[in-house]
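Report on the structure given below.
Quick note: the coordinates plus some simple rules give every number you see, no bench work behind them. Note that the structure is a prediction, hence the values are computed from the model and not measured. For neighbour counting, all protein chains shown are included, and Cβ atoms are generated from backbone atoms with ideal geometry for every residue, glycine included.
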Amino acid sequence: MNAYGEIQRIYVRAPDAEAMTSWKAYGWHTEPDAAATVAEHDAFVDILRGSIPDVVVGRTKVPGDPDAIYAYDPVLVTDDGVIPLRPGKDGRRGEPAIVTQELGAAGCAILPQLEEPATAEGGDMLLLDPRTLLVGIGYRTNEAAIEQLRSRLAQQAIEVVAFDLPHFHGPAECLHLMSFISMLDTDLAVGYEPMMPVRLVQSLAARGVQVVEVPEEEFLTMGPNVLALGPRKALAVDGNPVTRARMEAAGVEVLTYRGAHVSLNGDGGPTCLTRPLARA
């Protein structure tokens, strides 16, 4: 598994209008327009279907949890199977069981879940290559999770490389590792370097990974949160023209979607909305 190969199969979760009534408790910016959110998500899924052979749509509700739309966070997908995580956001603790139930029904192998006191969310994890998993330690993912992941992934010859994340706006807001970096190919990423740990910048440079730089004004509008549909083919939220132009200058084909309701309001970009299950 990697973060940039051509996606063959992907998992998404449909929005739940009833759960959106809990938007304040989950830190969404404004009261969601349920119809607009559903419409944007439907259009997003249509774009995925235009590039990906198999799109699995999960519809099991997680009562009172609007964040359950962000399918990337509850699990880690490996070549050996799906590892259910243990979200650091208390209100999301019910998601791994439901997501793994749906993925199991879709034919995925399910591995043992991370155990307390570990907390971990998928947004803090990024496969730099098939044998290197980058993990951010912050308010959602802790050192206990790093220890458990290292032990388990060693069996798959995957090295876990951990970095401390910035405090930024603190525990009340979600800053994941993937809030400021996404892979686009084996040797190309898009990112907002001022938020990156020094060791991460050095690691990318040492591996010959070029970073398409996101300008400051496009960081909060999810310029760095980009889904690689395949090598140098990306799906990004609409509205970051400088980042898009820089990616295109680096040889990346960029598709965009309208995400005012489904992404920007809940701070979940295209990587957050999806969990790739198989890549070429």
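I want the local charge near Tyr192. Using Cβ-Cβ distances under 10 Å, sum +1 for each Lys or Arg and -1 for each Asp or Glu among the other residues.
Values: positive: none; negative: Glu193, Glu213, Glu216, Glu218.
Around Tyr192, the charge tally is -4.
Shape call for the range 41-89 from the C-alpha gyration tensor, a ≥ b ≥ c root eigenvalues: rounded (a/c under 1.5), prolate (a/b greater than b/c) or oblate?
Working: a/c = 2.51, a/b = 1.23, b/c = 2.03.
In terms of gyration-tensor shape, oblate.
Taking K and R as +1 and D and E as -1, what net charge do the other residues with C-beta under 13 Å from the C-beta of Gln210 add up to? Walk me through the intermediate numbers first.
On the way: positive: Arg207, Arg232, Arg246; negative: Asp185, Asp187, Glu193, Glu213.
For residues surrounding Gln210, the net value is -1.
From the phi of every residue in the range 25-30, what ³J(HN,Hα) in whole Hz does the Karplus formula 6.51 cos²θ - 1.76 cosθ + 1.60 yield, where θ is phi - 60° and glycine or proline is x?
These are the phi-based 3J(HN,Hα) values: 5, 9, x, 5, 6, 9 Hz.
Which of rounded, prolate, oblate describes the range 101-177, given a ≥ b ≥ c as roots of the alpha-carbon gyration tensor eigenvalues and a/c under 1.5 marking rounded, otherwise prolate only if a/b is larger than b/c?
Numbers: a/c = 1.82, a/b = 1.41, b/c = 1.29.
Here the range 101-177 falls in the prolate category.
What whole-number volume per residue, in cubic angstrom, does the convex hull of the C-alpha atoms of the range 167-272 give? If you can, show how the numbers build up before the last one.
On the way: hull volume 9.5 nm³, N = 106.
Each residue corresponds to 90 Å³ of Cα convex hull volume.
Can you work out the Karplus-derived ³J(HN,Hα) for every residue in the range 118-123? Use 6.51 cos²θ - 1.76 cosθ + 1.60 with θ = phi - 60°, whole Hz, and x for glycine or proline.
Each residue's phi maps through the Karplus curve to give 5, 10, 7, 10, x, x Hz.
By the scheme Lys and Arg +1, Asp and Glu -1, what is the net charge of all other residues having a beta-carbon under 12 Å from that of Ala162? Provide the component values of the computation, followed by the final result.
Numbers: positive: Arg150, Arg199; negative: Asp124, Glu143, Glu147, Glu159, Asp164.
Residues near Ala162 contribute -3 overall.
Can you pull the percent of Cα pairs in the range 1-156 with separation above 21 Å? Don't jump to the answer; show the numbers that get you there.
Working: 5800 of 12090 pairs.
Tail of the P(r) past 21 Å holds 48 percent of the pairs.
Apply the Karplus parameterisation 6.51 cos²θ - 1.76 cosθ + 1.60, with θ equal to phi minus 60°, to every residue of the range 150-156 and state each ³J(HN,Hα) to the nearest whole Hz, in sequence, with x for glycine and proline.
Per residue, the Karplus-derived 3J(HN,Hα) values read 4, 5, 6, 7, 4, 5, 9 Hz.
Looking at the square roots a ≥ b ≥ c of the eigenvalues of the Cα gyration tensor of the chain, which shape do they give, rounded for a/c under 1.5, prolate if a/b is larger than b/c, or oblate? Don't jump to the answer; show the numbers that get you there.
Working: a/c = 1.24, a/b = 1.05, b/c = 1.19.
Here the chain falls in the rounded category.
Sequence-distant or interchain residues sharing an amide H contact under 5 Å with Val212, placed H: which?
For Val212, whose amide H was placed from the backbone, the distant partners under 5 Å are Ala189, Val190, Gly191.
What is the set of long-range amide H partners of Val254 at a cut-off below 5 Å, with H atoms built 1.01 Å from backbone N?
Result for Val254 returns Ala234.
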